[in-house]
Every structure is written in C-alpha cells, then in structure tokens.
1. How many percent of the alpha carbon pairs in chain A exceed a separation of 22 Å?
2. How many partner chain Cβ atoms sit within 10 Å of a residue's Cβ in peptide A:70-76, on average, as a whole number?
3. Where the only charges are on Cβ atoms (+1 Lys, Arg; -1 Asp, Glu), what is the dipole of segment A:63-114 about its Cα centre, to the nearest 20 debye?
4. Quick one: what do you get for segment B:38-77 if you divide its Cα Rg by 2.2 N^0.38 Å?
5. Can you list residues whose amide H is under 5 Å from A:CYS23's amide H, if they're 5+ apart or on another chain and H is modeled 1.01 Å from N?
6. Which listed residue (A:CYS90, A:ALA27, A:LEU44) has the Cα farthest towards the positive end of the charge dipole for segment A:1-112, taking +1 on Lys and Arg C-beta and -1 on Asp and Glu C-beta about the Cα centre?
7. Averaged across orientations, what area in nm² does the convex hull of the alpha carbons in the protein assembly as shown project?
8. Test of understanding: what is the full-extension gain from B:SER67 to B:ASN53, defined as 0.36 nm times their sequence separation minus their Cα-Cα distance?
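Each value in this text was obtained by applying a stated rule to the coordinates, not by laboratory testing. Everything quoted here is computed from the prediction, not taken from an experiment. Cβ placement follows ideal geometry from the backbone for every residue including glycine, while neighbour counts extend to all protein chains displayed.
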Amino acid sequence: GDSVTQMEGPVTLSEEAFLTINCTYTATGYPSLFWYVQYPGEGLQLLLKATKADDKGSNKGFEATYRKETTSFHLEKGSVQVSDSAVYFCALKGAGGATNKLIFGTGTLLAVQP
Amino acid sequence: DGGITQSPKYLFRKEGQNVTLSCEQNLNHDAMYWYRQDPGQGLRLIYYSQIVNDFQKGDIAEGYSVSREKKESFPLTVTSAQKNPTAFYLCASTKSRTGGANTYGYTFGSGTRLTVV
C-alpha cells in the first residue's frame, strides 16, 4: 500500500542555518504530496502542497519539489528561525480513489536554537 | 472565522469507562476524520466520514466508535475495549469527499489529550 518515509529527528539547527527534511514515498500513479506543521500542543496546519510531478510548493520561506523520478518531496528552507521549531509531517493522498484519506509520515521534530 | 473546535482539551478516563470526544466544524466541510497521535508513530486514522449518516473504519478502529448525525459534528467515543487509550486525538475535515484534500488540504482541530488514570 501507499506509504511515506521521513527522516528521523530531532533535527537541531542554529538560527539562520539551512534546513532539509527528507521525505520519500511509495505509491502507484501520481499521488498528491503535502507538508504539515504542528506547533507544541496544537493541531496540524497545512504548510505547502504539490499535486503533480515537478510542481514546487512554497510558503513562509519553505519549499518542496515533487520529484517523481526519485519519489521524493524534501522540505527546505534557506534560513530557519527559532519560531520554525515544530514537528513537520510529510503526507500523501493516493491517485484516484473515492476518498480524501491522507497517509502521514511519522513526523520530524525541528529545534532551532538562537 | 470558521474552523474546527475540539473539546475538551484535556480528558482523564478511569479504567473501564467510556468517554466521548467532541469535534464540531462550521466550515461546511463534507468529510471528517479522527486521528490518533502517539510519540514517534505519527498519525494513525481511526474513523472517517464522507457524508452524514455514513462512516468507515480506518486503520485502528478497534475500541472506538463514532456517529455522524449532523454535517457539523463527528464525535468519537473511546470505549472500555480500547486497552491503551492514552494519546493525543486530532479531528480534521476537508471540503469535499474526493478532490477536497488536493485543493484545500485538511483543516485540523487543536486536539484532545486523553489520559487514563
């Protein structure tokens, strides 16, 4: 079945460092791909998405490109801030199907130090 | 502003007790979902509903029950049959039954933390 694999955390960076959180997926066809962010004690918020191959999703300085050839959707940010400290989830929605079920990765904790 | 409201924020359950977690949305979304979050395990789908009066089991439905009598409401009952209920529970919704998640993503509530005492 469809699945998402994320790099394990925690990822600890200094402020203004470059961020990469790896995400790869297994799915048939062309799934839609998402990154969600969860701040402490809260629910998840949609950060960005890409619905077809080679699309780049971007928001709040974060970017991710849908790479069909490597089945990847890595999250990047050029200069992280302390306020970016959160758990980041990669997710996919399978191609076709009759539902909107999302499949989530296990999440990656990012801690940014001043 | 529209959104999803989960209540209570914290809930304590005694052994052998059933408890109900509330989830209400005023977004006019068709589909609603319940997830359980445990440390290091990400989100696991418990139940979902695409229309009123209909719902389907997710990956870990045993020990849980739901109802969808109104479009706005999707309560989750954690029964005494659920042997390890301590977790963070998240409710989510999306606009349509099929294409909504692609266009709009999920909207999540702020969660209920359930603890067995």
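1. Roughly 28 percent, once rounded to a whole number.
2. 0
3. Dipole about the Cα centre, nearest 20: 240 debye.
4. Here the Cα radius of gyration is 1.24 times the empirical estimate.
5. For A:CYS23, whose amide H was placed from the backbone, the distant partners under 5 Å are A:PHE73, A:HIS74, A:LEU75.
6. Of the listed residues, the answer is A:ALA27.
7. That works out to 12.5 nm².
8. 4.3 nm
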